[in-house]
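S.K.: Would you mind keeping the following structure in view while I ask a few things?
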2 protein chains.
Amino acid sequence: MDGPGLARALSEWEALLGAMHVVRESGALRAASTATFATRGQVQAILRPANREDVQQCVQIANRCRVPIYPVSSGRNWGYGSRVPVEDGVLIDLARLNRILELDEELAYVTIEPGVTQRQLQEFLRQRNSRLWMDATGASPECSVVGNTLERGFGHTPMGDHCGNACALEVVLPTGDCVRTGFGRFAATRAGALGRWGLGPSLDGLLSQSNLGIVTRMSVWLMPEPECFQAFFFVSNEEQGLGAIVDALRPLRLNGTLRSVIHIGNDYKVLAATSQFPWADMHGRTPLDQAAMARLRRTLSIGAWNGSGGLYGTRAQVREARAQLRRALRGKVDRLQFVDDRLLKVMQRFARPFRVLSGWDVSRTLKLIAPVYGLLKGVPTESALKSVYWRKKTEIPDDMDPDRDGCGLLWCSPVLPNTGADVTNLTNVVTNLLLEHGFEPQMTVSLATERSAICVITISYDRSAPGEDERAGECYRALMEVLVERGYPPYRLNVSSMGYMTGDASYARALEAIKSALDPNGILAPGRYEPARAGQDAHIPPAVVPTVR
Amino acid sequence: MDGPGLARALSEWEALLGAMHVVRESGALRAASTATFATRGQVQAILRPANREDVQQCVQIANRCRVPIYPVSSGRNWGYGSRVPVEDGVLIDLARLNRILELDEELAYVTIEPGVTQRQLQEFLRQRNSRLWMDATGASPECSVVGNTLERGFGHTPMGDHCGNACALEVVLPTGDCVRTGFGRFAATRAGALGRWGLGPSLDGLLSQSNLGIVTRMSVWLMPEPECFQAFFFVSNEEQGLGAIVDALRPLRLNGTLRSVIHIGNDYKVLAATSQFPWADMHGRTPLDQAAMARLRRTLSIGAWNGSGGLYGTRAQVREARAQLRRALRGKVDRLQFVDDRLLKVMQRFARPFRVLSGWDVSRTLKLIAPVYGLLKGVPTESALKSVYWRKKTEIPDDMDPDRDGCGLLWCSPVLPNTGADVTNLTNVVTNLLLEHGFEPQMTVSLATERSAICVITISYDRSAPGEDERAGECYRALMEVLVERGYPPYRLNVSSMGYMTGDASYARALEAIKSALDPNGILAPGRYEPARAGQDAHIPPAVVPTVR
């Protein structure tokens, strides 16, 4: 689409928003069309509406001119496509809709617009001396809370299932109509932000991982700061040790003792979080194989598996949770350490003298632990972003921008049951497959809910190395193929992999019917979480032409 | 609809299911067209499919012949319309789809069909010596688990939000197509029953309180039997005492100490649970006014407010929860009693000698406590059904059937924030309004989630008394009017009150678009949780012609 429709739309958008809020400069468009892996969609312009009414009118113009539009909140969808649209189209950048509209200390929720970042919400709560904690994803402080929720991102606290702790959406539909979900549609009600269902069919589910509406407002539930908080960190030196750990933790997840997401990263993942690829030691060879990783692991005292989680409650509740956790993990981990504010301060203060005395590099441990400790209290961190530079041969810049810097990052994130057998099966398959394809198998297994885990597999590479985009894409496709076949479907897709949306023709038909009903002109984010049309092969996503520039 | 379409459909259905599974006998149809209040829809036939394939074909026939069909699971939707359709149509009775298909002890869930009753599931778990507890609604052991979930019913345990603890729906759409929600559409996956969202837009929300599909299978999450369980019961003698209690309990709900639904019934509610209207003492006068109720309350040692809830966990967790609860309720209740299996047995054993000694009628207390105690452990009970006979002048029969017996029961159930101010405001309004209309204000306030409560208001009457249907209907409408106006919308509607579905024209348009897309011929449960069409008045439901026979 580059014809007269686009030209007319652009002039109407400019008349509406002012020229300064319709970005057409080629450098900016190229940047917005660049992700951390090969993508196809080209950004034709970027609209910057100021409020919901602007969004409605932008959508109406798109309908009149039949121009596809793609909303982004903050565009920090790293590893899944950043700001890049699935197909060519115009971005609607919602960053200017950044108001925090309501904070209810008593009922523990906040109502925000999509431009509100994790950092902004965190600072707002601090400035107000709020006794409420938010949940944060590890991605970046500049990440949109609403954007991450709509992608079904997850965090670290008891509110870690973001989609499960948000409600009362205000949504601009593809026709430009505006609806409120849940009880929000009832005029005088205070119940809107408090419950998920509302009266009658509930629309919330339709609006995450979807192209059926633009969310312009959302209420997010917060948790009251607990009387007592302790983080725990555990380490297993056994490469095959994860299964027993998951089987030991599942009952504590199910009985409510562990109320938050538990993240368990492998050695590769931890290494990438604290350093770049050891190009010199490896004499330029990739990947870092398991034998080399095992040696490094011992040198740096990293576990084969490294877990973290939080305990929240009264002093007595935390004490009991600690006792249960200790009992459950006995004999299954090599170290289990509890950390609270006091211990963390002591460690920070005495890291240097302690190293002199004991030889243990506490500051290295701190560098790893401190950001996770913060996340377990809902404090966002920038530290995870650094790991995206893992395979770069250049130093990590201060103003990190993985898209601009040619960082290669593809996240593949299957869902699996919280059982040792499944976790062992899946992680072994992944490890072998990634190494065979020449990539380090960086992995985190997160016990996201009582019953299911999400494994986030990182394919990390250097986009400026010739052929790497293609090799990473092949690895991703091979991985998806085997995961879907073994019964571990992805919880989330990237903009180049929407072809994996299907799996059932009747589901595709139903979704297509709903899409046509709500978006008759097909202008809203075509291809985004849209099932492949009948006739298309279900499991092979359309070929992607690399777009490294 | 009574024309040639229906005749043709009936002969096709008979060919499909056999004549014995197409009920056309007038007595049966009249019974199925009778609820506990005035309704409009007439049942024209009852289809009894044996399996999902039958359901699909029944739906296809309905489409071809343009005959409206209304699915019911067990038809025990007491107080909201029993089996009666919103408009004239044919019932699809799903009672024969009653298989329990899967039980996973490890991951704590069960997969069932809509005909599975609470009693059946409970007995299945017991026979298997399962260590898992289900959640039960107080309605009736013969109530369908799936049916109650789809109406968004709630129970008493930590799994009390039924809709929030169910997933992986198998759904026959109005076209006859069958879809699986969540991850269920992926072939080999075990993750289907474990998580809500799936990949891409989630359809689950659309299918509860809706007329968009017939659910033929569902996975329901269960809870592992805790190491320790204690019920608690509290009583406040202050008519204005509820606000302080709710403010005291909310923080414990929000911090995870109280993980289950807490139910607080008023004096009228408790009285109706243990006896019928005192016609003799009242010399036939209704309603039982507040002064008379206050006297009775003291005689029978009922509180103005009577609460119950459960504590689940390890011994130490329950001990700590008990300490916190005691602290929170200190000075706000007149009695707080903890009950466990041992104490209950002792009470049952010594009720009679204890009465002789102390004069306290323990068996009366037991009659009240024992069923609630069971519900807190997920054991369904028949006892609540008796209260439906409150205003009847005849004795309660052994084979209770409120529809047949002319029991008048209308439930009106607004949602409100978990704050003392809201609870006080709402309960006072309700009390005055019901008494003015000549009905006892039976009420339960249930702290259903961390942030919101549901108040279930019972309008209990005798349908065989002339004019009572109309008076009850007027009272219901007056109640809805004032509740919606004050910001307390209903969480659920009865078959005669679907006119309250609206509240926002754009929401109605969106839902109408989805309905037309999925049900082009409008054959599935027309009017059921369907917004009033544009032009119809939002807040006044269509007049209902009483159908007492």
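S.K.: Please find, among A:ALA321, A:ALA316, A:ALA328, the residue that is within 14 Å of chain B (Cβ to nearest Cβ), in a helix (DSSP H, G or I) and touching a strand residue (DSSP E or B) at 6+ places or on another chain (Cβ under 6 Å). Before you say what the answer is, go through the steps one by one.
M.R.: Numbers: A:ALA316 fails: touching a strand residue (DSSP E or B) at 6+ places or on another chain (Cβ under 6 Å); A:ALA328 fails: touching a strand residue (DSSP E or B) at 6+ places or on another chain (Cβ under 6 Å).
Checking each option against the conditions leaves just A:ALA321.
S.K.: List, please: which pairs have Cβ atoms under 8 Å, are six or more places apart or on different chains, and start with a residue in the range A:162-188 that is under 15 Å from A:LEU101 (Cβ atoms) and facing chain B (nearest Cβ under 7 Å) and end with one that is in a loop (DSSP other than H, G, I, E, B) and not small (Gly, Ala, Ser)?
M.R.: Listed pairs, sorted by first residue: A:ARG180/B:ASP504.
S.K.: From A:THR431, A:THR427, grab the single residue that is touching a residue at least 60 places away in the same chain (Cβ under 8 Å), over 21 Å from A:LEU311 (Cα atoms) and surrounded by fewer than 23 Cβ atoms within 10 Å (Cβ to Cβ). Working first, answer last.
M.R.: Numbers: A:THR427 fails: surrounded by fewer than 23 Cβ atoms within 10 Å (Cβ to Cβ).
Just one listed residue meets the conditions, A:THR431.
S.K.: Against the condition touching a helix residue (DSSP H, G or I) at 6+ places or on another chain (Cβ under 7 Å) and in the same structural domain as B:ASP462 (by TED's automatic domain parsing), how does B:PRO278 come out, does it pass?
M.R.: Details: touching a helix residue (DSSP H, G or I) at 6+ places or on another chain (Cβ under 7 Å): no; in the same structural domain as B:ASP462 (by TED's automatic domain parsing): yes.
When the stated conditions are applied, B:PRO278 does not pass them.
S.K.: Would you confirm, using the coordinates I've provided, whether B:SER82 is under 24 Å from B:ALA168 (Cβ atoms) and buried (at least 24 other Cβ atoms within 10 Å of the Cβ)?
M.R.: Working: under 24 Å from B:ALA168 (Cβ atoms): no; buried (at least 24 other Cβ atoms within 10 Å of the Cβ): yes.
Criteria not met by B:SER82.
S.K.: Would you pick out the residues in the range A:33-59 that are closer than 17 Å to A:LEU410 by Cα and surrounded by 21 or more Cβ atoms within 10 Å (Cβ to Cβ)? It would help to see each step written out before you state the result.
M.R.: Of the range A:33-59, the ones closer than 17 Å to A:LEU410 by Cα are A:33-41.
Result: A:SER33, A:THR34, A:ALA35, A:THR36, A:PHE37, A:ALA38, A:THR39, A:GLY41.
S.K.: Let me ask another. So which of B:LEU357, B:LEU336 is more than 23 Å from B:PHE154 (Cα to Cα), hydrophobic (A, V, I, L, M, F, W, C) and at pLDDT 95 or above?
M.R.: Details: B:LEU357 fails: at pLDDT 95 or above.
None of the others qualify; the one that does is B:LEU336.
S.K.: Of all residues in the range A:437-495, which are in contact (Cβ under 8 Å) with a residue 40 or more places away in the chain, within 14 Å of chain B (Cβ to nearest Cβ) and not in a loop (DSSP other than H, G, I, E, B)?
M.R.: Within the range A:437-495, A:VAL445, A:SER446, A:LEU447, A:ALA453, A:ILE454, A:CYS455, A:MET480, A:GLU481, A:VAL482, A:LEU483, A:VAL484, A:PRO490 meet the criteria.
S.K.: Go through A:SER383, A:SER464 for me and flag whichever is over 25 Å from A:TYR491 (Cα atoms) and among the hydroxyl-bearing types (Ser, Thr, Tyr).
M.R.: Numbers: A:SER383 fails: over 25 Å from A:TYR491 (Cα atoms).
The conditions single out A:SER464.
S.K.: Now, a different point. Can you list residue pairs whose Cβ atoms sit under 6 Å apart, with the first residue in the range B:329-350 being among the basic types (Lys, Arg) and the second being outside any helix (DSSP H, G or I)? Count only pairs 6 or more apart in sequence or on different chains.
M.R.: B:ARG335/B:VAL235
S.K.: For the range B:498-541, name all the residues that are modelled with pLDDT under 90, surrounded by fewer than 22 Cβ atoms within 10 Å (Cβ to Cβ) and part of a loop (DSSP other than H, G, I, E, B).
M.R.: Of everything in the range B:498-541, those that are modelled with pLDDT under 90, surrounded by fewer than 22 Cβ atoms within 10 Å (Cβ to Cβ) and part of a loop (DSSP other than H, G, I, E, B) turn out to be B:ASP504, B:ALA532, B:ARG533, B:ALA534, B:GLY535, B:GLN536, B:ASP537, B:ALA538, B:HIS539, B:ILE540, B:PRO541.
S.K.: So which residues in the range A:189-207 are facing chain B (nearest Cβ under 7 Å), small (Gly, Ala, Ser) and in contact with a Cys (Cβ under 8 Å, 6 or more places away or on another chain), if there are any at all?
M.R.: A:GLY195
S.K.: On to the next question. Given the structure, is B:ARG297 in contact with a Gly (Cβ under 8 Å, 6 or more places away or on another chain) and among the charged types (D, E, K, R)?
M.R.: Details: in contact with a Gly (Cβ under 8 Å, 6 or more places away or on another chain): yes; among the charged types (D, E, K, R): yes.
Judged against the criteria, B:ARG297 is a match.
S.K.: Now for a different question. Restricting to the range A:498-512, name every residue that is in contact with a strand residue (DSSP E or B) (Cβ under 8 Å, 6 or more places away or on another chain) and within 7 Å of chain B (Cβ to nearest Cβ). It would help to see each step written out before you state the result.
M.R.: Just the residues of the range A:498-512 that are in contact with a strand residue (DSSP E or B) (Cβ under 8 Å, 6 or more places away or on another chain), to begin with: A:500, A:504, A:506-507, A:510.
Residues satisfying the conditions are A:ASP504, A:SER506, A:TYR507, A:ALA510.
Residues checked against (1) closer than 26 Å to A:GLY256 by Cα; (2) under 26 Å from the mean Cα position of the chain (by Cα):
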| residue | (1), (2) |
| --- | --- |
| B:ARG326 | yes, no |
| B:ASP334 | no, no |
| B:VAL339 | yes, yes |
| B:VAL346 | no, no |
| B:ARG352 | no, no |
| B:GLU382 | no, yes |
| B:LEU410 | no, yes |
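S.K.: May I ask you to verify whether A:ALA291 is of a type outside the set (S, T, N, Q), outside any loop (DSSP other than H, G, I, E, B), surrounded by fewer than 21 Cβ atoms within 10 Å (Cβ to Cβ) and more than 26 Å from the chain's Cα centre (by Cα)? Walk me through how you get there before you give the answer.
M.R.: On the way: of a type outside the set (S, T, N, Q): yes; outside any loop (DSSP other than H, G, I, E, B): yes; surrounded by fewer than 21 Cβ atoms within 10 Å (Cβ to Cβ): yes; more than 26 Å from the chain's Cα centre (by Cα): yes.
So A:ALA291 fits the description; yes.
The values are calculated or read from the model by the stated rules, or taken from the named source; none is laboratory data. If you're wondering where the values come from, they're calculated on a predicted model, not measured in any experiment. Glycine also receives a Cβ, built like all others from the backbone with ideal geometry; neighbour counts cover every protein chain displayed.
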